[in-house]
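Asker: Can you keep this structure in mind? I'll have questions shortly.
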Amino acid sequence: MKAAIIGYGKMGREIERILTERGHETALVIDTDNAAELDAEHLAGIDVAIEFTTPETAYANIRTCIEAGTAVVSGTTGWTERLPELQALCRERGGAMFYASNYCLGVNLLFRLNRQLAAMIERLHAAYDVRIDEVHHTQKKDAPSGTAITLAEGVMEHLSSKNGWVNYAPGIERATNRVEKPADAAADRIVIGSVREGAVPGIHTVTYASDDDRIELRHTIENRRTLAFGAVVAAEFLCGKTGVFGMDDLMQ
Ligand SMILES: NC(=O)c1ccc[n+]([C@@H]2O[C@H](COP(=O)([O-])OP(=O)(O)OC[C@H]3O[C@@H](n4cnc5c(N)ncnc54)[C@H](O)[C@@H]3O)[C@@H](O)[C@H]2O)c1
């Protein structure tokens, strides 16, 4: 597989290592210093581009790949209100794209468990309130995390009492990962607590609490290698396909 890396930051560098380990070629690396080289000419002959940049630049990068007819895997978070637009463009052009807010296999198992648990709680009409908490390193720019939003959407799919979410992100660099529910949050909103501290790669917890007990689903990422690995596996999956894909397709 001949790959392009768009965004040569923490993820881009890890992805390059994994591409090499798995016998692939990194034929093009794009970062801010050569961003103008992201065009059809430089993408010619590339099987798949892997994009991990910033919320401000992801849309244009992915669009350029689709318009150039290059399959693209993206994991950039914090911009996905415009994702459906690019998915439609990709379908229209007969292109190939893969997007996941989190490429870790374990997190995607958590997504499935989360949906199943929400459906079970709904069937029981049980008196549990649900909240989501996420903790990440202080360099993470967006809050809540894309993973927390996906978890909230998974809950809303099944739990009729929840119709939206509200983010509660108290002062960054707090010493604790416990946040209280904001007093003004409506009962039909899922509270997502976001904390930025230290070098934490990512902790996500879904909590159902009643007056009498508590259920917690928690996933902790130990390092970013697991994320880069998933992105390379997604690129291998996407190679030679057309369409719009996500982790549910990969994990079938
Ligand atoms: N989906 C996932 O599994 C997953 C995992 C980790 C990180 N992320 C997300 O991926 C993104 C990148 O994460 P990171 O930790 O590598 O960040 P980073 O800050 O280390 O790297 C981002 C890189 O993108 C470069 N960049 C900025 N604008 C660019 C442009 N126009 N063209 C090319 N490169 C450009 C920056 O110079 C930087 O090198 C963030 O949005 C992060 O939240 C997603």
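The values are calculated or read from the model by the stated rules, or taken from the named source; none is laboratory data. Keep in mind that what you see is a predicted model, and the values were worked out from it rather than measured. Glycine gets a Cβ as well: all are built from the backbone with ideal geometry, and neighbour counts include every protein chain shown. Accessible surface is based on the protein model in full, side chains and every heavy atom, while ligands, DNA and RNA are left aside. Shrake-Rupley method; radii C 1.70, N 1.55, O 1.52, S 1.80 Å.
Asker: Quick check: Cα centre of the range 34-89 to Cα centre of the range 2-23, how many Å?
Answerer: 15
Asker: While we're here: Suppose all protein chains stay in the model; what accessible area per residue would a 1.4 Å probe give for the chain, in Å²?
Answerer: 48
Asker: Work out, in µm²/s and without decimals, the Stokes-Einstein translational diffusion coefficient of the chain at 20 °C, 1.002 mPa s, Rh from Kirkwood over C-alpha pairs.
Answerer: 112
Asker: Once amide H atoms are built 1.01 Å from N in the peptide plane, which residues 5 or more positions from residue 98, or in another chain, come under 5 Å H to H?
Answerer: For residue 98, whose amide H was placed from the backbone, the distant partners under 5 Å are 72, 73, 74, 245.
Asker: Across the chain, how many lysine pairs, 8 or more positions apart or on different chains, have C-alpha atoms separated by under 17 Å? Please give the number.
Answerer: Lysine pairs satisfying the spacing and distance rule in the chain number 4.
Asker: Specify which residue in the list 252, 128, 79 is farthest towards the positive end of the charge dipole of the chain, using unit charges on the beta carbon of Lys, Arg (+1) and Asp, Glu (-1), about the Cα centre.
Answerer: Result: 128.
Asker: Next up: What ranking of 165, 79 comes out by heavy-atom accessible area, probe 1.4 Å, highest first?
Answerer: Descending accessible area places them as 165, 79.
Asker: Counting alpha carbon pairs within less than 8 Å and at least 6 residues apart, what relative contact order, in whole percent, applies to the range 196-252?
Answerer: Normalised by residue count, the contact order of the range 196-252 is 24 percent.
Asker: Quick one: how many Å² of residue 8 are accessible to a 1.4 Å probe, rounded to 10?
Answerer: Its accessible surface works out to 60 Å², give or take rounding.
Asker: How many percent of the accessible area of the chain is carbon or sulfur, using a 1.4 Å probe?
Answerer: Carbon with sulfur: 49 percent of the solvent-accessible area.
Asker: Now for a different question. Normalised by the residues of the chain, what does the relative contact order come to in percent, with Cα pairs under 8 Å and at least six apart?
Answerer: Taking the mean separation of contacting Cα pairs over the length of the chain, I get 22 percent.
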